[in-house]
Amino acid sequence: MTLIVDRGAGHQRTDDGSTLENETERKRIDVTDLHAAGIEEFVEESVDTEYVSLEQRGARTYLVLEE
């Protein structure tokens with residue numbers, strides 16, 4: 001599985017070079033090759049949050065973890 005960290009708009013630079021940090025960091029884990037029961041088991045055993053969702057981008061499916 002691949003872990004992707006999406007810093008989103010909360011980490012964009014402003015015109016003066018400072019960083020905006022008002023949004024939470026979202027982590028995406030590529031779960032394309034797992035079946036639904038495998039994803040559920042992975043979340044129960046390996047994830048520290050209950051705030052998860054699935055996101056499809058093209059042919060890939062990602063488990064999105066909200067911090």
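Hey, can you tell me all the residues within the range 39-55 that are more than 17 Å from Glu67 (Cβ to Cβ) and surrounded by fewer than 11 Cβ atoms within 10 Å (Cβ to Cβ)?
Within the range 39-55, Glu44, Glu45 meet the criteria.
Residues are listed down the side, and each one gets a yes or a no for (1) part of a strand (DSSP E or B); (2) under 13 Å from the mean Cα position of the chain (by Cα); (3) at pLDDT below 70:
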site	(1), (2), (3)
Ile4	yes, yes, yes
Ile29	yes, yes, no
Leu34	no, no, no
Gly38	no, no, no
Val43	no, yes, no
Thr49	no, yes, no
Glu55	yes, yes, no
Thr61	yes, yes, no
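The values are calculated or read from the model by the stated rules, or taken from the named source; none is laboratory data. Small disclaimer: the values here were computed from a predicted structure and weren't measured. Cβ coordinates were reconstructed from backbone atoms using ideal geometry, including for glycine residues, and neighbour counts include every protein chain displayed.
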